[in-house]
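Worksheet: one structure, shown below.
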Amino acid sequence: MKTPKATRHVNQNEGLIFEKSSPGKAAWKLPPLDVPEVDTHKLLGEAERKDLGSMPEVSEIEIIRHFTRLSTWNYAIDLGMYPLGSCTMKYNPRVNEVVSRLDGIANGHPYQPEKVSQGALHIIKTLSDCLIEITGMDAITLQPAAGAHGEMTGLLLVRAYHQSKGHPRKKILIPDSAHGTNPATAAMVGYAVENLKSNSHGMVDVAALAAQMNEEVAALMLTNPNTLGVFEQEIDKIAEIMHAKGGLLYMDGANMNALVGKARPGDFGVDLMHLNLHKTFSTPHGGGGPGSGPVAIKKMLEPFLPKPVLVTKPDGTLGFDYNRPQSVGRVRSFYGNFGMFVRALAYTLANGPDGLRQTTEDAVLNANYIRKGLEGVYDLPYSTPSMHEVVFSDKLQTKKGVHTMDIAKRLIDYGFHPYTTAFPLIVPGALMIEPTESESREEMDLFIDAMRSIAKEVEEDPETVLNAPHTTRVSRLDEVAAARKPVLRWKASA
Amino acid sequence: MRYLPKSPADREAILKAIGARSIDDLFTSIPAEYRLNRDLKVPRQMAESEIVDWFRERSRENGDGYASFLGAGAYLHYRPVIIDSLISRGEFLTAYTPYQAEISQGTLQSIFEFQTMICELTAMEVANASMYDGSTAAAEAVMMAVRLTGRRSVVVARSLHPEYREVLATYAFHQGMPLAAVNFNDNGRIDRRELEKLVNQDTACILIQSPNFFGAIEDVAEVAEIAHKNGALLVVSIAEAVSLGIVEAPRQADIIAMEAQSFGVPLGFGGPYCGVIATREKNVRQMPGRLVGQTTDRNGKRGFVLTLATREQHIRREKATSNICTNQALVALMANIFMAIYGKVGLRELAKQNLAKAAYAVQRFGKHADVLFSGAPRFNEFVVQTSEDPYAINGRLLGHKMIGGLPLKKFYPELGNASLWCCTELTTRSMIDTAVGLVAESERSVKSAKEVDIEEVAR
């Protein structure tokens, strides 16, 4: 008999940090002041602050225990498979963390003279070169702080490009299977969003695209492979339709983990794209961030890149060029989330060309293994070949009143993080599963067993599934109450 | 490849299970002409020891071992070691956004504590879970003010961080938001008369920074009055979070856009940092970014969830308050731990040390060169005007393994040879004395060169 993945164990309760506070406790100690003491009131006058309200006073051991206890209430990649579709929850290598904390790298000031910044600039240059090669593009900016920020930067480039030709155009085409950031970004850059319907295979309807494409469309934002995990097989026709009417093809690189080392967007007609270093390049998600969203582009967009742009100077040293008259401007202070560049580069170096290719192959292999293992047990709305992720629906289970979210919550009891629920929107009741390359065959077998077992429970004992999870420290939380009367901070009781 | 948990036999077995002859079968959906049939031209696979060596080399080329007087939006404060011990726990480091609340209570509760402490320090009622950085937080706070007031034009202080102004200009351009800049006066503060002339019934908000880019603390109450008299909002940007320990919170502001890097986040050559937006409760539905709220589970037990998501892109798509999705969660956790460590008393004592170091440096520099903007109170930064080009002086400082203040010419040509210096609790008296010595030497040699010139003319 196989050992189940999860069992219950002691889980400590822990209040809020404020509830442990009492006057006189401290976790800090400053060295003696080596300059004269100052009269703060004399220096600051009216601007002097008198009181820090209910900020906590606690000791070091209490802080260690507090956050350690809190940490044990989280699921994490380090604990097991995290099959969130389109999120690419892969292993976060620890050497990345070590090298990003080396003194000169962690303590480099963004304004220190270029002469003493060559190390950081060399890292930026090497990563840029690798990403340009991986995407098959001509140039790149690493300034955007996350994927959505990269999208915004990309659409600013699109706008500047069309503007330079006399007319910024009005619309962005976005498939109905797209991530919510795509339309939100288009709106931020002042474009109207036009929805593009998918065809019966879950792909771009090429005829519909041709009909919708005109001189008012600035670009198509295409996720490829799309959010069903399907490669847009007619990508060359899509690019041709866009280019024929002067439009640009923007690729959302959220799913680049399916392509690295196997195909390059620059080769199949993409004009610009963003990458998510926190997905494809293994930088940690950290509970929601930080990310990094470089934008790789074709030559004709280069004059518009955010400034500054990294350049090699005549003497061979690296530096920043601020004199960019056609630049869209800055999208962030300094140069972006540099610490993420360090990690992404360490990951690339650890892989090399063979490792990157094998990674992609394993990611696709894993998704297909899960598809095979669950086909028939869960409804597969699109039978198109899967790449790095597979999307099922809860159609068979809804007959018993069980929905994708219920199955997801039950999966927690089996020791797994849920898959992505209810997305993409074109699949009602979607179960979107992306195992990544980081899962062994054993872990996937446990996952498949768990999913099959839940499907059986839905038939025999749907209540168990509907009331899941049963093993967590809190049961399902009242989200409606949280939104109706928001409590967004702790307050000292009067 | 050491990160991949499959043996060749595993791969064969999986291929067999799914009915594929080879791995290539799984990539046939990519048209043949687009399949890459060669190795990527990236460096070869390296051993862990080689990777560490490579980055050690880069670290040595990057100012390792230099003492620095640089601030200007990125501050070197001591980082208590337990910050890294705690954020390195895989349960924090390798978790995703806490959408599945039942198995994300650690992240959720810590964000709730973060929101609370940011509110406490800024004197606001609600704070979000983080934004990318101080610059984008400022730009998004301005867009929020535009939505709240239904007005479009924005008045910005020139004493706001120049790069924040650049980012705002990028964001505002396509929103059709006209920006007007207000100069600073002899105290380095926003020019009141010019401000009054520029603010009118079309103004959505005034955006200032305090302490501002020159280190001067703005008269927030006065600026707020001008804003509110005209029905506009006041947005205050805070780039040096440690100032909140001793400088009065900008409580008259309507929205605060801050950079929390000073709270335990490494300089890291400019990022990742931690932006935050805080505001009044009544404005919360126009706020961008994630929010954590308290609620209960089915058994009445306290728990936390992401809430008010109808503001966000994954629900509202093009009608969302912002496109932000991934934020700076792990960096916010660093700030959260830092705030818990220093707390009510420590943060004030820490800020006092910064104040004392800067006051000492101002007094010492003032003996040999002009310290500008002395009419307004300042926190830990100040502007020194030298006779010689500051780049030349900084070149000599580098010889002493020291990085001098930031020359301001690039951003403010009218300030000539001025440079912006910063002292924190890590700046030692001997560093200050050495730097002052070099500036004094520079002033003496410029003066004696002038005397030689005069003598030559007289001859």
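When B:Ser104, B:Ser29, B:Ser110 are screened for being within 7 Å of chain A (Cβ to nearest Cβ), of a type outside the set (D, E, K, R) and in contact with a Leu (Cβ under 6 Å, 6 or more places away or on another chain), only B:Ser110 passes. Just give me the residues in segment A:181-199 being of a type outside the set (A, V, I, L, M, F, W, C) and in contact (Cβ under 8 Å) with a residue 12 or more places away in the chain, in sequence order. Within segment A:181-199, A:Thr181, A:Asn182, A:Thr185, A:Gly190, A:Tyr191, A:Glu194, A:Asn195, A:Lys197, A:Ser198 meet the criteria.
For (1) surrounded by fewer than 21 Cβ atoms within 10 Å (Cβ to Cβ); (2) out of contact with any Leu (no Cβ under 9 Å at 6 or more places or on another chain); (3) at the interface with another protein chain (Cβ under 9 Å from one of its Cβ atoms); (4) in contact (Cβ under 8 Å) with a residue 24 or more places away in the chain, each residue gets a yes or a no:
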site	(1), (2), (3), (4)
B:Tyr164	no, no, yes, yes
B:Asp186	yes, no, no, yes
B:Val199	no, yes, no, yes
B:Ala204	no, no, no, yes
B:Gln209	no, no, no, yes
B:Phe214	no, no, no, yes
B:Leu234	no, no, no, yes
B:Ile238	no, no, no, yes
B:Ile246	no, no, yes, yes
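Taken over segment A:322-378, the criterion of being of a type in the set (Ser, Thr, Tyr) and facing chain B (nearest Cβ under 7 Å) is satisfied by A:Ser333, A:Tyr335, A:Thr348, A:Thr359, A:Tyr369. May I ask you to say which residue of B:Asn62, B:Asn37 is crowded, with 19+ Cβ neighbours inside 10 Å and of a type in the set (S, T, N, Q)? That would be B:Asn62, the only listed residue that is crowded, with 19+ Cβ neighbours inside 10 Å and of a type in the set (S, T, N, Q). The residues of segment A:408-448 that are free of Cβ contacts under 8 Å to residues at least 12 places away in the same chain and either of a type in the set (Ser, Thr, Tyr) or touching a strand residue (DSSP E or B) at 6+ places or on another chain (Cβ under 7 Å) (or both) amount to a single one, A:Ser440. Where helices (runs of 4 or more DSSP H) fall entirely within segment A:32-146, those with at least 2 residues that are more than 28 Å from the chain's Cα centre (by Cα) are at A:40-44, A:60-71. Per the listing A:Ser438, A:Ser393, the residue uniquely farther than 27 Å from A:Leu477 by Cβ and small (Gly, Ala, Ser) is A:Ser438. The residue pairs whose first member lies in segment B:1-20 and is of a type in the set (S, T, N, Q), whose second member is not in a loop (DSSP other than H, G, I, E, B), and whose beta carbons are closer than 9 Å, counting only pairs six or more residues apart or on different chains, are B:Ser7/A:Arg441. Please pick out the residue among A:Pro418, A:Pro385, A:Pro435 that is of a type outside the set (Val, Ile, Thr), surrounded by 24 or more Cβ atoms within 10 Å (Cβ to Cβ), within 8 Å of another protein chain (Cβ to nearest Cβ) and outside any helix (DSSP H, G or I). Going through A:Pro418, A:Pro385, A:Pro435 in turn, the sole match is A:Pro418. Each residue in segment A:1-48 was checked for being farther than 30 Å from A:Ser453 by Cα, surrounded by fewer than 15 Cβ atoms within 10 Å (Cβ to Cβ) and among the basic types (Lys, Arg), and 2 of them qualify.
Residues in segment A:122-147 that are touching a Gly at 6+ places or on another chain (Cβ under 7 Å) and surrounded by 21 or more Cβ atoms within 10 Å (Cβ to Cβ): A:Thr135, A:Met137, A:Leu142, A:Gln143, A:Pro144, A:Ala145, A:Ala146, A:Gly147. Among the conditions (1) buried (at least 24 other Cβ atoms within 10 Å of the Cβ); (2) over 18 Å from B:Phe27 (Cα atoms), A:Ala363 misses just one, which is (2).
Bear in mind that the values in this text are calculations on the coordinates, not laboratory data. Computed from a predicted structure; not experimentally measured. Glycine gets a Cβ as well: all are built from the backbone with ideal geometry, and neighbour counts include every protein chain shown.
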